[in-house]
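**Student:** Shown below is the structure under consideration.
The values are calculated or read from the model by the stated rules, or taken from the named source; none is laboratory data. Keep in mind that what you see is a predicted model, and the values were worked out from it rather than measured. Positions of Cβ are backbone-derived with ideal geometry, glycine not excepted, and every protein chain shown enters the neighbour counts. Accessible surface is based on the protein model in full, side chains and every heavy atom, while ligands, DNA and RNA are left aside. Shrake-Rupley method; radii C 1.70, N 1.55, O 1.52, S 1.80 Å.
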Amino acid sequence: MIEDEELYGTFIEEGLHDWQILQQEKGSASVAIRGSYRIPAFPDRRKVIWSMPVVRVVREEDNVTLIHWKQAESVYDQTETRGKWEIVLTLPAGGLYRVESGLECREDIRGETPAIYRGDSRFHIGVGNIFVIAGQSNASGFAHDTAYDPVDLRVHVFRNRRTWELAAHPLNDSTQAYGNTSNEIGRCGFSPFLQFAKRYADMTGLPVGLVPTSMSGQSIVRWDDRVNGDLFYNMLNRIELSGGKPRAVLWYQGCTDAVAGEAKEYYGRFRHFVESLRKSLGYEIPVFTFQLNRILTGDGGISWGMIREAQRRAALEIPCTYVLPTLDCRLADIIHNSAPANLTLGERMARHCVYHLENGPFYEAPNIKSAVVLENDEIAVEFEHVSGRLVFQLSGAEESGFYAEDDAGKVGLSKIMQGPEGGMLRIIPERRTKGRVYLSFMQDADPMGVPVMDDESFLIPLAFYRFETTKKGGETWENI
């Protein structure tokens, strides 16, 4: 509302804020702007005989007018000197823009010659893509070492104090945060998502808005509306406050659930989270995820492998859900990705999102497709989504991240060799296998060794846990 009774003209009160990013659809975005106006009173007895709020849109970089002065579509609650107005603008994808308002008036002295008097403006408006950040500490960003990741005028953030601003680390800062779903327990630092947004903007030519909703150290039950769900409902609220329909969710969570008794529930809880989110929003929002990295203490053991397997399965079984590996990235402490690692992960996520959302160049992590125990007990492993050829630095299969077990227990693995095609590997066991054979890759809380890698995409395969092999050319053990 108007605070200074001496100030006249138009006032923008709802619908648009400085630094706001509007989600584009098919190359544009519409926004409803509402406000009030006050007719000027002149000391020399001039009188306004007609007035109308008007709005225009200017490109900030060169001051070119994109939408010329447009009259308000509705004027109401009028008195002799004031009233309210609203207008819907359709802005082209791009920016940054300045949205100006004014009060077009005709005075009794000037007759038919109109003048436009002052009005509020909104600065640095972008029409591009909005991404919601969700999960726990590695989503919030807890790296406190250094890397070069400066601000970019194209990347904005809807902060915990509920204002749109220029994005800078830490994105999940708790200054003036509202409520216990926005106050971080620890001290946030460097995350993957500023780099993600800059690279996404580079590849699409459009601004990016980030809406952080993550919180460190929290189990997935706080995202499960059947159990606790407070972080889930906070995310829905932040989406609404930030302006609406986001392009996708960027999810990085699971460390807290990598414990005995909880890891086995992770897949079902995550699937429910995705389905409930889509039901609440009314559309199939894409969800992009990272597999867990590691914890250097080894706490949780194979529960970490179980969570990674659930994350791999989710990308295979839940529509419009995607996953990337992280286990080749170094840590800043015992559990949090380092700042340089977060730059790498931001780059990966940007390329992954551009591939799936914008029909960009292919970018997927290798994923196990089949594992067959041959008559000589060699295990032939085939991966899909291999851009070049899987290569390994060490000749030992276990040193390259693989682990096998059968009905008799652990199966020691000796050599790893390349197969006849780029996505195939041959693994040599140390003994004859017995009964069912299961193969895992990077299964532990802190996997040892140097994992194999795609020599073109430079991505390691997605970690997997207890992948059941077939035998002798594809016949399953159940059919033997």
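**Student:** Looking at (1) in contact (Cβ under 8 Å) with a residue 60 or more places away in the chain; (2) closer than 27 Å to A350 by Cα; (3) open to solvent by 70 Å² or more (accessible area, probe 1.4 Å), which is the one condition that is false for F383?
**Tutor:** (3)
Condition check ((1) more than 22 Å from P170 (Cα to Cα); (2) crowded, with 20+ Cβ neighbours inside 10 Å; (3) in contact with a Pro (Cβ under 6 Å, 6 or more places away or on another chain); (4) without any contact (Cβ under 8 Å) to a residue 12 or more places away in the chain) across all residues:
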{"residue": "F273", "(1), (2), (3), (4)": "yes, yes, no, no"}
{"residue": "I285", "(1), (2), (3), (4)": "yes, no, no, no"}
{"residue": "G301", "(1), (2), (3), (4)": "yes, no, no, no"}
{"residue": "T326", "(1), (2), (3), (4)": "no, yes, no, no"}
{"residue": "N337", "(1), (2), (3), (4)": "no, yes, no, no"}
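**Student:** OK, next. Hey, can you tell me all the residues within segment 296-308 that are among the hydroxyl-bearing types (S, T, Y) and in a helix (DSSP H, G or I)?
**Tutor:** Within segment 296-308, just S303 meets the criteria.
**Student:** Please enumerate the residues belonging to segment 309-327 that are closer than 24 Å to V354 by Cβ and either modelled with pLDDT under 95 or assigned to a helix (DSSP H, G or I) (or both).
**Tutor:** Result: Q311, R312, A314, A315, L316, E317.
**Student:** May I pose another question? R199 - would you say it is within 27 Å of K26 (Cβ to Cβ), open to solvent by 40 Å² or more (accessible area, probe 1.4 Å) and either in contact (Cβ under 8 Å) with a residue 40 or more places away in the chain or not acidic (D, E) (or both)?
**Tutor:** yes
**Student:** Report whether or not A350 is touching a Lys or Arg at 6+ places or on another chain (Cβ under 8 Å), open to solvent by less than 10 Å² (accessible area, probe 1.4 Å) and either in a helix (DSSP H, G or I) or without any contact (Cβ under 8 Å) to a residue 12 or more places away in the chain (or both).
**Tutor:** Spelling it out, A350 is indeed touching a Lys or Arg at 6+ places or on another chain (Cβ under 8 Å), open to solvent by less than 10 Å² (accessible area, probe 1.4 Å) and either in a helix (DSSP H, G or I) or without any contact (Cβ under 8 Å) to a residue 12 or more places away in the chain (or both).
**Student:** Identify the single condition in (1) over 22 Å from D152 (Cβ atoms); (2) loosely packed, with under 14 Cβ neighbours inside 10 Å; (3) under 36 Å from the mean Cα position of the chain (by Cα); (4) not aliphatic (A, V, I, L, M) that T79 does not satisfy, given that it satisfies every other one.
**Tutor:** (3)
**Student:** May I ask you to list the residues in segment 365-376 that are out of contact with any Leu (no Cβ under 8 Å at 6 or more places or on another chain) and crowded, with 16+ Cβ neighbours inside 10 Å?
**Tutor:** Answer for segment 365-376, where residues must be out of contact with any Leu (no Cβ under 8 Å at 6 or more places or on another chain) and crowded, with 16+ Cβ neighbours inside 10 Å: V372, V373.
**Student:** Being within 17 Å of I307 (Cβ to Cβ), assigned to a strand (DSSP E or B) and open to solvent by less than 20 Å² (accessible area, probe 1.4 Å) is the filter here; which residues of segment 424-470 pass it?
**Tutor:** Those that are within 17 Å of I307 (Cβ to Cβ), assigned to a strand (DSSP E or B) and open to solvent by less than 20 Å² (accessible area, probe 1.4 Å): S440, F441, F464.
**Student:** Here's a follow-up. For segment 151-186, which residues satisfy the criterion of being more than 19 Å from L241 (Cα to Cα) and either at pLDDT 95 or above or in contact with a Phe, Trp or Tyr (Cβ under 8 Å, 6 or more places away or on another chain) (or both)?
**Tutor:** Matches in segment 151-186: V151, D152, L153, R154, A168, H169, P170, G186.
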